[in-house]
Amino acid sequence: MIGTASPVVRVDGLTKRYGKVTAIDDVSFSVHANKIYGLLGRNGAGKTTIMQLLTGQQFATSGTVQVFGESPVENARVLQQVCFIKESQKYPDSFRADHVLASAPWFFANWDAAFADRLIEDFRLPLNRPIKKLSRGQLSAVGVIVGLASRAPLTFFDEPYLGLDAVARQIFYDRLLEDYTEHPRTVILSTHLIDEVSSLLEHVLVVDEGRILMDQDADDLRGSASTVVGKRTDVDAFVAGRDIISRDGIGGLASVTVTGLTESEQHVARAAGLELSPVSLQQLIVQCTTSRAGAGTGTADFRGSGRTDTTSRTIGAETDNTSKTDAWSTRA
Amino acid sequence: MIDSGKPIFLQIAEQIENDILDGAIAEESPVPSTNEFAAFYRINPATAGKGVNRLVDDGILYKRRGIGMFVATGARARLIGARTEQFRAKFVAPLLGEAAKLGITPEQVAEMVRDTPTETHIQEEAIRS
């Protein structure tokens with residue numbers, strides 16, 4: 001199922017400036033076929049800009065974007081294989097939901113009307129009400145239905161579920177997983193609800209301040225960090241020389257999150273009377289994107305699996321152990 | 001069901017191992033498909049596949065072409081062997097470490113283990129009273 005052939009998306013040295021603001025700063029990564037990617041990061045990190053650049057809706061300042069081997073800009077061959085569901089999609093004023101769903105098959109060759117009908121029922125979407133009169137959640141449901149039923153080979157969901165209730169979000173996750181299993185395709189999902197989606201993701205791209213901070217297999221990231229809690233002196237002795245993600249403490253008690261503990265190291269820590277707790281994907285990303293003091297002090301340890309060569313080498317080169325520890329520990 | 005701080009593929013592998021250990025899945029019988037695991041645990045099918053493949057690499061499961069994954073003969077015995085080693089490292093070693101801190105000798109620990117009622121004992125007591 002995993003396509004190891006040429007990547008669906010290849011981005012190299014991509015930069016986007018809006019006047020003096022650098023939204024995307026020399027980013028390189030690849031997206032491989034038939035995987036579900038999470039594009040994660042804080043507000044204003046550059047997630048939407050990346051999606052707009054990949055779908056030809058923005059022009060790059062410099063660098064190259066290749067989608068299905070070609071530039072997406074004004075390129076019908078590429079764009080007819082792409083579906084981009086935006087956070088706030090605008091529709092013509094007079095449109096009703098059934099108009100949207102009736103016009104979708106004109107754009108998407110793989111459109112499955114029966115699947116769309118089933119989703120309409122699942123989401124209880126009123127079809128004959130003007131789009132303008134729909135609630136925020138119902139409006140999101142229209143986008144989600146189009147995104148799923150279009151079965152585009154490359155589908156982007158940019159924060160697709162603003163206003164969707166918990167039941168509707170669960171329906172979205174379940175239908176996405178079911179349909180993806182039957183019809184494998186490449187999905188790029190941007191979201192803030194990391195805990196909710198983390199088990200759906202195969203690969204994670206974390207964007208922070210216009211750069212790629214992590215480019216890694218989701219399951220490798222999970223369990224890649226541990227929080228060590230105990231007497232400050234014991235904790236300090238144990239974490240000395242390790243990659244520290246964050247540091248906290250009260251009185252004589254310290255809590256430090258570090259990366260890459262092997263099983264035997266975990267035994268050593270426990271034997272030293274330290275408490276170890278796993279760090280979820282969401283906690284890990286929150287800690288890694290909380291206090292980035294100064295550019296270039298990324299986590300050298302979260303280099304992608306060889307795909308972000310340029311970025312990771314730069315980060316690695318600029319970072320030495322002491323400065324990194326300082327940068328990450330400013331929060332404590 | 002899925003613990004967020006641990007690689008999911010390991011949890012899937014462990015779940016299958018537990019089912020083999022307690023006899024829920026017998027040797028030479030089929031295990032659920034990758035897609036069934038994905039749908040049940042609401043996880044990415046590739047992740048579920050990684051867990052299953054790990055057990056194939058370990059010789060616990062084997063693939064019958066076009067049919068699916070099956071539990072290998074002798075899988076249970078091999079799992080018991082591997083898990084016993086893990087048991088020593090994960091439970092016995094820390095137990096003896098803590099005991100040493102309190103000045104309890106290994107012999108005294110063994111005595112305590114013998115004297116401590118097991119879960120079945122506790123249940124029997126509860127039924128009697």
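Exactly one residue out of A:Arg96, A:Arg77 is basic (Lys, Arg) and surrounded by fewer than 18 Cβ atoms within 10 Å (Cβ to Cβ), and it is A:Arg77.
Among the residues here, A:His203 qualifies as in contact with a Lys or Arg (Cβ under 7 Å, 6 or more places away or on another chain) and within 13 Å of another protein chain (Cβ to nearest Cβ). When we screen A:Asp195, A:Asp217 for residues that are touching a helix residue (DSSP H, G or I) at 6+ places or on another chain (Cβ under 8 Å), among the acidic types (Asp, Glu) and in contact (Cβ under 8 Å) with a residue 40 or more places away in the chain, the only hit is A:Asp195. Scanning segment B:22-37 for residues that are more than 16 Å from the chain's Cα centre (by Cα), loosely packed, with under 15 Cβ neighbours inside 10 Å and in contact (Cβ under 8 Å) with a residue 12 or more places away in the chain yields B:Glu28, B:Ser29, B:Pro30. Among all residues of segment A:149-164, there is at least one that is modelled with pLDDT of 95 or more, in a helix (DSSP H, G or I) and either among the aromatic types (Phe, Trp, Tyr) or in the same structural domain as A:Asp98 (by TED's automatic domain parsing) (or both). Going by the structure shown, is A:Asp219 surrounded by fewer than 19 Cβ atoms within 10 Å (Cβ to Cβ), within 9 Å of chain B (Cβ to nearest Cβ) and either aromatic (Phe, Trp, Tyr) or under 22 Å from the mean Cα position of the chain (by Cα) (or both)? Answer is no for this residue.
When you scan segment B:83-96, do you find a residue that is touching a Phe, Trp or Tyr at 6+ places or on another chain (Cβ under 8 Å) and either open to solvent by 70 Å² or more (accessible area, probe 1.4 Å) or under 24 Å from A:Val268 (Cα atoms) (or both), even just one? No, there is no match, as no residue in segment B:83-96 is touching a Phe, Trp or Tyr at 6+ places or on another chain (Cβ under 8 Å) and either open to solvent by 70 Å² or more (accessible area, probe 1.4 Å) or under 24 Å from A:Val268 (Cα atoms) (or both).
Taken as a whole, the condition of being modelled with pLDDT under 90, part of a strand (DSSP E or B) and at the interface with chain B (Cβ under 9 Å from one of its Cβ atoms) applies to A:Ser277.
For every residue, the table says whether it meets (1) on the phi > 0 side of the Ramachandran plot; (2) outside any loop (DSSP other than H, G, I, E, B); (3) open to solvent by less than 20 Å² (accessible area, probe 1.4 Å).
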{"position": "A:Arg10", "(1), (2), (3)": "no, yes, no"}
{"position": "A:Thr15", "(1), (2), (3)": "no, yes, yes"}
{"position": "A:Gly63", "(1), (2), (3)": "yes, yes, no"}
{"position": "A:Phe84", "(1), (2), (3)": "no, yes, no"}
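Scanning segment A:23-59 for residues that are part of a loop (DSSP other than H, G, I, E, B), buried (at least 20 other Cβ atoms within 10 Å of the Cβ) and not β-branched (Val, Ile, Thr) yields A:Lys35, A:Ala45, A:Gly46.
Against the conditions (1) part of a strand (DSSP E or B); (2) closer than 29 Å to A:Ile36 by Cβ; (3) among the hydrophobic types (A, V, I, L, M, F, W, C), A:Val286 satisfies every one except (1). Just one of the listed residues (A:Asp195, A:Asp179) is at pLDDT 95 or above and not aromatic (Phe, Trp, Tyr), and it is A:Asp179.
Which residues, counting only those in segment B:42-80, are exposed (fewer than 14 other Cβ atoms within 10 Å of the Cβ) and farther than 28 Å from A:Glu182 by Cβ? Selection gives B:Gly59, B:Thr73, B:Gly74, B:Ala77, B:Ile80.
The values are calculated or read from the model by the stated rules, or taken from the named source; none is laboratory data. Just so we're clear, the structure is a prediction, and the values are computed from it rather than from any experiment. Positions of Cβ are generated from backbone atoms using ideal geometry, with glycine treated the same way; all protein chains shown enter the neighbour counts. SASA here: full protein model, heavy atoms, side chains in, ligands and nucleic acids out. Shrake-Rupley method; radii C 1.70, N 1.55, O 1.52, S 1.80 Å.
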